[in-house]
Amino acid sequence: MDPLVLGLIVAIATIIVLFSGVSVALGLLIVAGGFLIIFDGMRSLELMPEIFFGKLDNFALLSIPMFIIMGASIASTRAGADLYEALERWLTRVPGGLVISNLGACALFSAMSGSSPATCAAIGKMGIPEMRKRGYPDSVAAGSIAAGGTLGILIPPSVTMIVYGIATETSIGRLFLAGVIPGMLLVALFMAWSLYQTWKAGDVRLLGAKPYTWAQKIEILPRVLPFLAIILGVLYAMYGGIATPSETAAVGALLCLVIAMVIYKLWDPRALWVVLRDSTRESVMILFIIAAAGVFSYMLSSLFITQSIAEWIGTLDVNRWILMGAINVFLLIAGFFLPPVAVILMAAPILLPIITTAGFDPIWFAVVLTINMEIGLISPPVGLNLYVINGIAPDIKLKTILVGSLPYVGCMILAIILLCLFPGLATWLPNAVMGLG
């Protein structure tokens with residue numbers, strides 16, 4: 001059978017299996033095992049355990065559970081609320097300062113937790129009621145938090161970037177640095193739109209915040225500065241050549257747990273158990289998907305599907321930007337239905353040879369891919385962040401949350417366009433810090 005036709009059949013089978021309701025990892029194993037048996041016989045099953053566990057035999061994978069524990073320990077405390085309150089007190093004099101505070105808190109909490117749903121929940125619980133009380137439109141209050149929560153998979157340290165780095169054998173340190181400037185760009189675009197929509201739809205007289213004294217501004221800093229110091233310390237240790245990403249992640253996780261216990265009195269063994277239990281569940285889920293995706297990639301390669309697709313793309317007489325546009329559409333559609341980790345692990349092995357053949361930088365492409373995944377987090381039918389916001393503010397209709405989030409999707413698309421026009425937004429900082437790759 002022609003490998004391209006076979007690839008189409010595999011794609012259809014994968015979609016059917018994943019939409020049947022089975023977990024992503026199990027679905028990938030079912031499809032991979034089924035096609036290997038059909039075309040290579042039962043002997044191929046002997047290789048699956050070796051490939052499955054071999055994919056997990058990577059020291060860099062240790063950074064995933066460590067960063068997840070780091071985020072879970074932060075999310076289990078009042079760190080999000082304190083971060084929001086600190087920014088509110090310091091930005092109270094800025095016009096529309098409350099919405100800027102919320103987006104700034106989302107960006108910083110995302111960097112600390114790496115989790116979009118956790119960011120939405122932590123910042124939204126305080127930020128949304130406060131914004132509505134001050135006269136901000138519901139669409140701005142809900143949409144800004146939903147969009148701000150997506151920053152967790154772009155701003156370092158990002159588990160999504162780690163997964164991409166492992167799947168494509170790309171430097172995780174470079175990927176982290178590549179997300180910094182685009183992440184700041186997205187925050188700026190989100191803030192600009194929020195302020196415009198606020199001034200357009202809100203009563204400016206109601207948007208002012210109450211004044212705070214210098215004593216009130218300073219007293220809250222000791223509760224949030226240690227967490228920010230850990231983030232900066234982790235990044236400094238990583239890029240200063242002091243430790244590997246896995247080692248810095250382990251130290252960061254331990255320090256976050258200690259700070260949560262000291263500052264927020266997280267002494268109850270049951271609370272610590274919840275942090276470790278939830279972190280283990282999420283880590284196992286991601287590692288299971290990574291291992292299953294390894295088997296799936298082996299199946300595609302052994303049946304010459306990956307190579308044939310890359311070769312076919314290379315023979316197309318089309319402008320490379322048209323090709324990149326088609327890839328972006330594919331990623332958008334995939335992100336509407338699947339979690340970012342699954343999309344990256346399934347698509348990266350196929351797309352990497354295509355984009356490198358077309359002359360695109362894989363580090364730059366990682367940022368573009370991640371922003372596409374961010375769009376999926378606030379777009380139906382899945383749109384996880386939309387449902388998180390609806391859960392913490394049930395009196396705001398889901399339609400209102402969706403309408404409020406759509407302009408931020410436009411901001412992300414604008415960011416992708418800017419990255420296409422100015423690739424240095426993603427590649428300059430990694431090259432400046434770590435040299436030309």
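The values are calculated or read from the model by the stated rules, or taken from the named source; none is laboratory data. Note that the coordinates shown come from a computational prediction; the quantities given were computed from them, not determined experimentally. Quick reminder, even Gly has a Cβ in these numbers, built from the backbone with ideal geometry, and neighbours come from all protein chains shown. For the accessible areas, the whole protein counts, side chains as well, though only heavy atoms, and no ligand, DNA or RNA atoms are used. Shrake-Rupley method; radii C 1.70, N 1.55, O 1.52, S 1.80 Å.
Please state which one of Ala415, Ala358 is touching a residue at least 60 places away in the same chain (Cβ under 8 Å) and among the hydrophobic types (A, V, I, L, M, F, W, C). From the options Ala415, Ala358, the qualifying one is Ala415. Among the residues making up segment 383-407, those that are over 14 Å from Pro117 (Cβ atoms), open to solvent by less than 30 Å² (accessible area, probe 1.4 Å) and not in a helix (DSSP H, G or I) are Ala393, Ile396.
Yes/no per residue for (1) buried (at least 23 other Cβ atoms within 10 Å of the Cβ); (2) touching a helix residue (DSSP H, G or I) at 6+ places or on another chain (Cβ under 8 Å); (3) in contact (Cβ under 8 Å) with a residue 40 or more places away in the chain:
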site	(1), (2), (3)
Ile327	no, yes, no
Phe336	no, yes, yes
Ala342	yes, yes, yes
Ile354	no, yes, yes
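Screening the candidates Thr14, Thr77 for the property of being assigned to a loop (DSSP other than H, G, I, E, B) and not hydrophobic (A, V, I, L, M, F, W, C) yields one hit, Thr77. Quick one: is Ile371 closer than 30 Å to Arg132 by Cα and either polar (S, T, N, Q) or part of a helix (DSSP H, G or I) (or both)? Here the answer is yes, as Ile371 does meet what is asked. Within segment 41-61, take every residue that is open to solvent by less than 50 Å² (accessible area, probe 1.4 Å) and not hydroxyl-bearing (Ser, Thr, Tyr) and give me the one that is modelled with the lowest pLDDT. Taking the candidates together, the pick is Ala60. The selection criterion, being β-branched (Val, Ile, Thr), within 24 Å of the chain's Cα centre (by Cα) and farther than 15 Å from Ala167 by Cα, holds for Ile378. Here Tyr212 clears all of (1) open to solvent by less than 50 Å² (accessible area, probe 1.4 Å); (2) out of contact with any Lys or Arg (no Cβ under 6 Å at 6 or more places or on another chain) except the condition numbered (2).
Applying the set (1) under 29 Å from Asn372 (Cβ atoms); (2) touching a Phe, Trp or Tyr at 6+ places or on another chain (Cβ under 8 Å) to Ile259 leaves exactly one unmet item: (1).
The condition of being part of a helix (DSSP H, G or I) and farther than 24 Å from Lys55 by Cα holds for Val329. If the condition is being among the hydrophobic types (A, V, I, L, M, F, W, C) and open to solvent by 30 Å² or more (accessible area, probe 1.4 Å), then segment 19-29 contributes Phe19, Val22, Leu26, Leu29.
Might you let me know whether segment 277-294 holds any residue that is acidic (Asp, Glu) and in contact with a helix residue (DSSP H, G or I) (Cβ under 6 Å, 6 or more places away or on another chain)?
Yes - at least one qualifying residue is present in segment 277-294.
Per-residue answers, yes or no, for (1) open to solvent by 20 Å² or more (accessible area, probe 1.4 Å); (2) under 20 Å from Gly165 (Cβ atoms); (3) not in a helix (DSSP H, G or I):
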site: Gln216; (1), (2), (3): yes, no, no
site: Phe227; (1), (2), (3): no, no, no
site: Leu254; (1), (2), (3): yes, no, no
site: Arg270; (1), (2), (3): yes, no, no
site: Ala292; (1), (2), (3): no, yes, no
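Looking at segment 163-173, is at least one residue of a type outside the set (Asp, Glu), open to solvent by 30 Å² or more (accessible area, probe 1.4 Å) and not in a helix (DSSP H, G or I)? Yes, that holds for at least one residue. All conditions in (1) in contact (Cβ under 8 Å) with a residue 12 or more places away in the chain; (2) open to solvent by 40 Å² or more (accessible area, probe 1.4 Å); (3) more than 20 Å from Leu62 (Cα to Cα) hold for Asp317, with the sole exception of (1). Annotation note: of Pro182, Pro157, Pro211, the sole residue that is at pLDDT below 80 and within 19 Å of the chain's Cα centre (by Cα) is Pro157.
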